[in-house]
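The values are calculated or read from the model by the stated rules, or taken from the named source; none is laboratory data. For clarity, every value in this text was computed on a predicted model and none was experimentally measured. Here the Cβ positions follow ideal geometry from the backbone for every residue, glycine too, while neighbour counts run over all protein chains shown. Each accessible area value is taken on the protein alone, full model and side chains, heavy atoms only, with ligands, DNA and RNA left out. Shrake-Rupley method; radii C 1.70, N 1.55, O 1.52, S 1.80 Å.
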Amino acid sequence: MPSLEDLLRCSLTELTERFVAETRSVPAGLLEALEADPRQGAKALAKRIRSRQGKNRAEGQRLRHLLRFENELWEQGHTHIAGVDEAGRGPLAGPVVAAAAILPKGWRLEGLDDSKKIADEARRDELAEAIKRGAVAWAVGVAEAEEIDAINIRRASLLAMHRALQALGVQPTYVLLDAFTIPECTLPQRGIIKGDALSLSIAAASVLAKTTRDNRMRELDAQYPGYGLAEHKGYPTEEHVKAIREKGVLPIHRRSFAPVREALGIVEPAAPGPVQGELFTGNEQQ
């Protein structure tokens with residue numbers, strides 16, 4: 001690394017490239033020297049670097065907080081902790097997709113969060129690829145629309161999660177899940193309310209599940225054009241419901257969900273149990 005004296009001989013443009021664009025480590029004394037510099041540009045650069053450092057510290061604290069469940073289990077000797085989550089409970093079309101991810105001990109990924117909090121689709125895709133590269137193991141499981149209709153969305157979601165766990169190339173020693181536990185799973189497990197926002201492993205699984213399902217819906221959009229599947233991803237938007245009524249119900253539509261049943265002219269809910277879509281509460285846009 002260049003000495004402080006060498007750095008102070010660099011132009012402000014060069015220093016901005018090194019310490020803002022490239023986010024390199026800032027040597028001791030540089031910020032103080034920039035703040036003492038009479039040039040306003042130097043003072044502004046010092047302010048930008050300090051702001052970046054503050055954001056980095058805050059992100060580091062956030063990620064440490066998201067590892068508290070994993071840290072507790074690692075301290076207990078659990079070497080492979082699988083986070084599990086699913087996406088696609090609320091849509092009228094397409095599968096429910098689950099993912100499982102085992103992260104290395106202490107592993108962190110800047111920006112990783114509950115997939116519902118990551119609005120930018122391209123950023124979700126970037127994070128998903130980083131998770132796949134960094135994970136000890138990861139896998140997805142799917143339950144198709146026909147299975148959802150046959151066994152209900154709650155059981156189909158649990159089935160997809162179980163399939164994701166079974167597909168892992170590494171056997172977990174403990175499983176963390178968002179809210180639910182899987183009855184068929186014999187591994188030690190814990191359901192955490194809002195787990196995708198509280199556990200880094202579950203957050204990783206939520207991103208993998210969301211991006212996998214979104215990619216699947218884009219493929220289905222090419223197969224069934226005119227329904228807008230690539231845009232709304234099968235959720236019951238006004239445009240989607242209108243397309244179902246005008247163009248008809250597709251093989252990928254969930255016939256046990258109320259708007260689809262209405263489009264088919266079926267008024268009464270399927271017996272036994274409620275019309276699907278009433279089996280979960282809370283935020284279904286996942």
(message) Name the residue that is nearest to Ser206 (Cα to Cα), counting only residues in the stretch 51-80 that are open to solvent by 40 Å² or more (accessible area, probe 1.4 Å) and either acidic (Asp, Glu) or in contact with a Leu (Cβ under 7 Å, 6 or more places away or on another chain) (or both).
(response) Glu72
(request) For residues that are under 14 Å from the mean Cα position of the chain (by Cα) and open to solvent by 60 Å² or more (accessible area, probe 1.4 Å), scanning just the stretch 181-221, find the one that is farthest from Leu103 (Cα to Cα). (result) Asn215
(message) Whether any residue in the stretch 11-25 is surrounded by fewer than 14 Cβ atoms within 10 Å (Cβ to Cβ) and at positive phi is what I want to check.
(response) yes
(message) I need every pair where a residue in the stretch 243-258 that is under 19 Å from Arg213 (Cβ atoms) has its Cβ under 9 Å from the Cβ of a residue that is of a type in the set (Ser, Thr, Tyr) and surrounded by fewer than 21 Cβ atoms within 10 Å (Cβ to Cβ), sequence separation at least 6 or different chains.
(response) Leu250/Tyr224; Pro251/Tyr224; Ile252/Tyr224
(request) Could you check, for the stretch 204-220, whether at least one of its residues is in contact with a His (Cβ under 9 Å, 6 or more places away or on another chain) and under 24 Å from Trp107 (Cα atoms)? (result) no
(request) Mind listing whichever residues of the stretch 192-209 are in a helix (DSSP H, G or I) and either of a type in the set (Asp, Glu) or modelled with pLDDT of 95 or more (or both)? (result) Asp196, Leu200, Ser201, Ile202, Ala203, Ala204, Ala205, Ser206, Val207, Leu208, Ala209
(request) Only residues that are open to solvent by less than 100 Å² (accessible area, probe 1.4 Å), basic (Lys, Arg) and closer than 30 Å to Gly106 by Cβ: list them for the stretch 26-50, please. (result) Arg50
(request) Among the candidates Arg123, Arg155, single out the residue that is open to solvent by 20 Å² or more (accessible area, probe 1.4 Å), outside any loop (DSSP other than H, G, I, E, B) and either in contact (Cβ under 8 Å) with a residue 12 or more places away in the chain or of a type outside the set (Lys, Arg) (or both). (result) Arg123
(request) Taking the options Gly90, Gly111, Gly83, name whichever one is touching a helix residue (DSSP H, G or I) at 6+ places or on another chain (Cβ under 9 Å), part of a strand (DSSP E or B) and either open to solvent by 10 Å² or more (accessible area, probe 1.4 Å) or closer than 20 Å to Thr181 by Cα (or both). (result) Gly83
(request) Return only the number of the condition from (1) within 22 Å of Gln76 (Cβ to Cβ); (2) in contact with a helix residue (DSSP H, G or I) (Cβ under 9 Å, 6 or more places away or on another chain) that Leu165 does not satisfy. (result) (2)
(request) For Arg255, work out the one condition from (1) part of a loop (DSSP other than H, G, I, E, B); (2) touching a helix residue (DSSP H, G or I) at 6+ places or on another chain (Cβ under 9 Å); (3) open to solvent by less than 30 Å² (accessible area, probe 1.4 Å) it doesn't fulfil. (result) (3)
(request) Could you tell me which numbered condition Ile244 fails, if it satisfies all but one of (1) at pLDDT below 95; (2) part of a helix (DSSP H, G or I); (3) among the β-branched types (Val, Ile, Thr)? (result) (1)
(message) Looking at the stretch 62-80, I want the residues that are touching a residue at least 24 places away in the same chain (Cβ under 8 Å) and have a partner that is among the β-branched types (Val, Ile, Thr) with Cβ atoms under 6 Å, at least 6 apart or on another chain. Which pairs are those?
(response) Glu70/Ile81; Leu73/Ile81; His78/Thr173; Thr79/Thr173; His80/Ile102; His80/Val170; His80/Thr173
(message) Restricting to the stretch 171-180, and then to whatever is part of a loop (DSSP other than H, G, I, E, B) and in contact (Cβ under 8 Å) with a residue 60 or more places away in the chain, can you tell me which residue is nearest to the chain's Cα centre (by Cα)?
(response) Pro172
